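Okay, so here's the structure we're looking at.
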Amino acid sequence: MAGTSVGPEVDAFISGLRDQIVGAKAIVLADRDGVAFSLSCDPGFEFDAERLLLSSASVMAEQAGKVGRGRATVLIALWSNEILVHVPFMPLVLSILGTEAMNVGLITAMRSAILAALDPVRIAAED
């Protein structure tokens, strides 16, 4: 994975978050350019961070904001057997890939707590 780890505490948080969300297979914390800072993936799960289009998430969030409903807080893509959730909090994006059974409602309910926990990383990324 390209990028730089932000530290063991953040890596542990991302791993713990993946463990808390039933059906989550991989979680990536990246900047707006798609540079991954932290990754947690189920053992044995074949994963390619490039396929998540990490750099596209920030563009999608900006475009969704142009609809006139304010900033997009969560972006969701659905397939027959996978769900991809992007949680933008610029300049970072948290991307969660999971099975069709992943609880997206839980992710949206946890959003504020997740962002509060990752706020120091967001502030550092702005510099």
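A few comments on the model shown:
- Boolean, residue 28 is closer than 15 Å to residue 118 by Cβ, aliphatic (A, V, I, L, M) and at pLDDT below 90: no
- Test: residue in region 98-117 that is buried (at least 19 other Cβ atoms within 10 Å of the Cβ), part of a helix (DSSP H, G or I) and not β-branched (Val, Ile, Thr): no
- Unique residue being more than 12 Å from the chain's Cα centre (by Cα), surrounded by fewer than 16 Cβ atoms within 10 Å (Cβ to Cβ), farther than 17 Å from residue 110 by Cα and at pLDDT 80 or above when the list is 9, 50: 9
- Answer from 95, 80, 38 - the residue that is without any contact (Cβ under 8 Å) to a residue 60 or more places away in the chain, hydroxyl-bearing (Ser, Thr, Tyr) and surrounded by 15 or more Cβ atoms within 10 Å (Cβ to Cβ): 38
- Within region 15-47, the set of residues being part of a loop (DSSP other than H, G, I, E, B) and not small (Gly, Ala, Ser) comprises 21, 22, 32, 33, 35, 42, 43, 45, 46, 47.
The values are calculated or read from the model by the stated rules, or taken from the named source; none is laboratory data. Not measured: the values here are computed from a predicted model. Counting neighbours? That spans all protein chains shown, and the Cβs are built from the backbone with ideal geometry, glycine included.
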